[in-house]
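Any read-out appearing in this document is the output of simple, stated calculations on the displayed coordinates, not a laboratory observation. Not measured: the values here are computed from a predicted model. All Cβ positions, even for glycine, are placed from backbone atoms using ideal geometry, and neighbour counts span all protein chains on display.
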Amino acid sequence: MKNQLEDIKKAKENWQETILNKRVQRFNLKKSPTQFYTPTDIESHSFLEKVGFPGEYPFTAGNNPFDFWRAYAEDAAKMGYRPDWGGAGGVGKYGGFGTAEDYRDYLKRMHAMNRKGGPNIAFDLATQCGLDSDSEMAEGEIGRVGVAIDSFQDFQTIYEPYTGDLEIDKVPSNFTINAPAAIIIAMYATLAEKRGIGLTRLKGTPQNDILKEFIARGTYIYPPKESLRLFRDTCAFCAKNMPKLNINSIGGYHIREAGATREQDLAFSMSNGIAYLQAGIDAGLAIDEFAPQFTFNAFGGSMQIYHEIAFQRAARRIWARTVKERFCAKNKRSMLIRQPITAHIGCISTTKQRTINNLPRAVIGGIAAGMSGGIPGAFPPFDEPLGLGHSLEAVQLQLDATRIMIYEAGIADINDPWAGSYFMENLTDEIEAAALKEMDKIEKMGGAIHAIESGYMTRAIAKSAYERQKRIENQEDLVVGVNCFDSENEIDVTINRIVEDTYDPKLMETAEARQKEKLEKLKRTRDNTTVLSLLNTLRDHASDESINLMPDICECVKNDVTLQEICDVFRDVFGEAQPVKLF
Amino acid sequence: MNQERKIRVLIAKPGLDGHERGARVVAYGLRDAGFEVIYTGLRQSPSQICSAAIQEDVDVIGLSILSGAHLSLTNKLIDCLKSQEADDIIVLVGGIIPDEDSKKLKEMGVAGVFTAGTPVSEIAQFIKEKI
C-alpha cells in the first residue's frame, strides 16, 4: 500500500509537470481552474473509523440503511400519494393565519379535501415574541405570518377538528415556536389532559431552539442564559412525561440563511446542540434519557453541491462523536442527526431575476440531498423569492422534480454514493476540521451561551453575509441572471402563476380586531384572583433557578393566564435580551 | 450642505420581523461607502424610529421589512416624520416588496424601494444623487 502511494505521488508530480502545467501555460492561466484527487489525498483514511456502514457509528454514510419513505416509495408512486397535502397520520402542511377560529376553519376545509396531516402550526410574530394581540408593539402583526395565540382557549380552538382518526395521539403536532416554546408545550399537555389522553402518547416537534434566534432569526425575548433555563425545564418535562415528543428541532439552516459560512453554520449549530445537551444533563437527566428526542432542521443550504454533500457527512460524524465521546451516550438514537430534509440550496440561493431558474437550482439541492442520506427533495418552489404564497404550478413542479429524481434518476437507490471518493472524503475531512476548529474557539470562549452573549456569533455571520455580498458585487461569486448573463441578449421566461387563495384576505384584515375583542372578554370573564395568585407563584419560582417551571406554566395555561402575562413575569425576573451592536 | 459632514443614514427594522441579513449587509456596505451609519437593531416601532432619526440628525432612513407589513409600517413612519416636521429626511424601503406595493410606497413619499438582489453600491449611488 505504502509503495503504491509512493508510486502515485511520483506519477502525480509527473502528470502535473508534463500535462497539467503545460495546459495551464497554454491558456495563459495562473493556476488550473479544476482539481483532480488521488489516493494520496486520503492517505490516512480508515473506512471503518471515518465512514462505516449506513446506520452504524459514526453515521457518515447515513442514519439508516434506508428510511421509511424509501421503503414504500414505489408503492407511494402507484397510489399517487401527494406528501404536500399531509396524509392521515403524517405531518401536515406548515401554515397558520388570522385568529384561531380562522385557522380552525381553514384546517376543516383542508380535511374535507383529504389533506389530513397533523397540525403544523405557524404562529404570528406577536405570539413568537411573547406578546398578546392587544400589545402596542404587536399592532399590524396579528395573524399575519401565522396564527395568533393569546391563551389556551385559542390553542384549543385550533385542535377542534383533530378528533377521532385525527386525535392528538394519532397525528403529530409541530410548533414553530422558540422563546415561548415552554408555554405552547404546556398548552399541548393541558389539551391532552382535558381530552383524557396520556401524555406518553403525544407525538410531534416543537422547534424550541432559542439559541439560533439570537444568531439568526430574531424572535428572542430573554437573555441567552435565562432562555436556556426555560429550555432545560422543557427538556426535563418532555423527557419525563412525553417520551414520544421530540424536544427540539435544532436549526443550522436559519444560521446559514442569515449569512453564516458553511463552517460557521456547522460549528455554531453544533455548539448550540452541545449547550442543549448540557442543559439536559444539568436538569439531572442521563444523556440517553433525552438525547434520542433531539431533532434537527435541515443543516446547510447552498448551491455548491459537492460541499453540501460533504457537509451532511461531516455533520453526522461530528454530532455522533460529540454525543458518544463527550457525553458518553450508549443509545445509537442519541447520536443521530434526525432531520426531515438533509442537503438543500437554501432559500437565500433563489433569485427574483428569471425566477423559473430556481427550479434547476432546487433540483441541484435535491441531488445533494439524495446523495447524502435524505429525500431528494427539490426545495423551495421556484417562486419562493416573490413573497409569501407559493403558486400551484411551482409546487407541482417541485413535487415532480423530486419524483423524477427518485423514480427516473434513481438518485436515492445508493447509500452514500460518494463514500470512498478521494475527493469527497478529503472534502468531508476538511469541512469537519474547519468546523471543529471553530467549535474549539467557541468552547474556549465558554461555550455557545458566551459566544452569543458577547455578540461574537452574530457579528461573525453579519460579516460573512457582507463578504458574500461583496463577492457578488465584484463578480467573484457568480449568480446567473443577477451579476452575469443579465444583458439584453437574455430574455425573461414567465409562466402563468396561480397562487391559491389559501388565506382569506378579508379575514386577515379583521383578525386583529376580532382577536383583541376575544382577549378582552377572556380577561373580563376568567377568575382573575386565581390568575394573580398563579402569576405570583410563577414569579417566585422563576427567581429560583433550581425549580422546573413547567408545572407552574401548565397551571397558568389551564386557568387562562395569557401568553404575554406569563412572558411578562419572566421579562421582569430574567430581564430582556439586548441587541448586539454591529459596529 | 457642509462638505465635511458625512451623510448620515439610520438603518431600521420596524415591527417584530427578525430577518436581519439585509439590514446588516446594507449597514456594513453603506459604512464602507463612506456614510455614517446607525443601526437600530430589531423591533422598533415607527415612532421610535422617527425619534431616533431626529435625535441622530440623519439624512436618510432605510427601513428593512420582510414580514409583509411594509405598507402600514412605512405609512406610520412617514406620518410621524411629518408631524415632527422632519419629512425632509429621505425614506428608503428594502425587503420583499411586491411590485404593486412598490408603487404604493412611492406614492406615500418613499424615495426608493430596493428589493432582493440590489447591489449595495446602487443604494449608495442613489443616496448620493438624492442629497
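In this Cβ point-charge picture (+1 for Lys and Arg, -1 for Asp and Glu), the protein assembly as shown has a dipole of about 1500 debye about its Cα centre. Between A:E6 and A:T510, the contour length at 0.36 nm per residue exceeds the Cα-Cα span by 173.9 nm. Ranked by how many other Cβ atoms sit within 10 Å of their own Cβ, fewest first, the residues B:L73, A:L507 fall in the order A:L507, B:L73.
Taking a temperature of 10 °C and a viscosity of 1.306 mPa s, what whole-number D in µm²/s does Stokes-Einstein yield for region A:225-330 with Rh from Kirkwood over alpha carbon pairs?
It comes out at roughly 110 µm²/s.
Shielding by partners for peptide A:74-83, expressed as the average number of C-beta atoms from other protein chains within 10 Å of each residue's C-beta, is 0. Given the C-alpha centroids of region B:71-131 and region A:155-200, what is the distance between them in whole angstrom? When both Cα centres are located, 43 Å separates them.
Residue by residue along A:137-146, Cβ atoms of other protein chains within 10 Å of the local Cβ number 5 on average.
Residues whose amide H falls under 5 Å from that of B:F114, counting only those 5 or more places apart or on a different chain, are B:V93, B:G94, B:G95, with hydrogens built in the peptide plane.
Please give the Cα centre distance for region A:23-90 versus region A:499-528, rounded to the nearest Å. Spelled out, the Cα-based centre of one part sits 47 Å from the other.
Over all projection directions, the Cα-based convex hull of region A:483-574 averages an area of 12.7 nm².
Under the simplified labelling scheme, the A:D492-B:I131 pair shows an inter-label distance of 3.2 nm, with each label point 7 Å from Cα along Cα→Cβ. The phi-based Karplus calculation (6.51 cos²θ - 1.76 cosθ + 1.60; θ = phi - 60°) puts the 3J(HN,Hα) values of region A:278-292 at 5, 4, x, 4, 5, 7, x, 8, 7, 3, 6, 7, 9, 4, x Hz, whole numbers, x for Gly and Pro.
Peptide B:20-30 has a mean of 6 when you count, residue by residue, the C-beta atoms of other protein chains within 10 Å of its C-beta.
In order along region A:372-381, the Karplus-derived 3J(HN,Hα) couplings, from 6.51 cos²θ - 1.76 cosθ + 1.60 at θ = phi - 60°, round to 9, x, x, 5, x, x, 7, 9, x, x Hz, and Gly and Pro are given as x. A Förster radius of 56 Å combined with the Cβ-Cβ distance from B:Q55 to A:R321 puts the calculated FRET efficiency at roughly 0.60. List residues of region A:486-523, by number, whose backbone nitrogen lies under 15 Å from a label position 7 Å along Cα→C-beta of A:M113. Label zone hits: A:498-505.
Between A:S32 and A:R459, the FRET efficiency from the beta-carbon distance, with R0 = 35 Å, is close to 0.45. Helix A:305-321 and the longest principal axis of the Cα set of chain A meet at an angle near 60°.
With respect to chain A, whose longest principal axis is taken over its alpha-carbon atoms, helix A:224-241 is tilted by about 80°. Sorting A:D560, B:D17 by the number of Cβ atoms found within 10 Å of their own Cβ, with the fewest placed first, yields A:D560, B:D17. For A:T342, the residues whose amide H sits under 5 Å from its own are A:I375, ignoring neighbours fewer than 5 places away on the same chain, with H placed 1.01 Å from N. By the compact-protein rule of thumb, 2.2 N^0.38 Å, the alpha-carbon radius of gyration of the protein assembly as shown corresponds to a ratio of 0.98. Across chain A, the mean sequence separation of Cα contacts (distance under 8 Å, 6 or more residues apart), normalised by length, yields a relative contact order of 16 percent. For A:F294, the residues 5 or more places off, or on other chains, whose built amide H falls under 5 Å of its own are A:I247.
Remark on region B:8-130: hydrodynamic radius 14.0 angstrom, per the Kirkwood mean of 1/r across alpha carbon pairs. Listed from fewest to most Cβ neighbours within 10 Å, the set B:H19, B:H70, A:H450 follows the order A:H450, B:H19, B:H70.
3J(HN,Hα) couplings calculated from phi for region B:17-34 with the Karplus curve 6.51 cos²θ - 1.76 cosθ + 1.60 (θ = phi - 60°) are, in sequence order, 4, x, 7, 9, 4, x, 4, 5, 5, 5, 4, 5, x, 5, 4, 5, 7, x Hz; Gly and Pro show x.
What the Cβ-Cβ distance of B:D32 and A:K225 gives, at R0 = 25 Å and to the nearest 0.05, is a FRET efficiency of 0.15. Overall, the anisotropy analysis places region A:428-583 in the oblate class: the square-rooted eigenvalues a ≥ b ≥ c of its C-alpha gyration tensor yield a/c not less than 1.5, with a/b not exceeding b/c. What do you get for the angle between helix A:528-543 and the principal long axis of chain A? Use alpha-carbon atoms, 0 to 90 degrees, nearest ten. Around 40 degrees separate the two axes.
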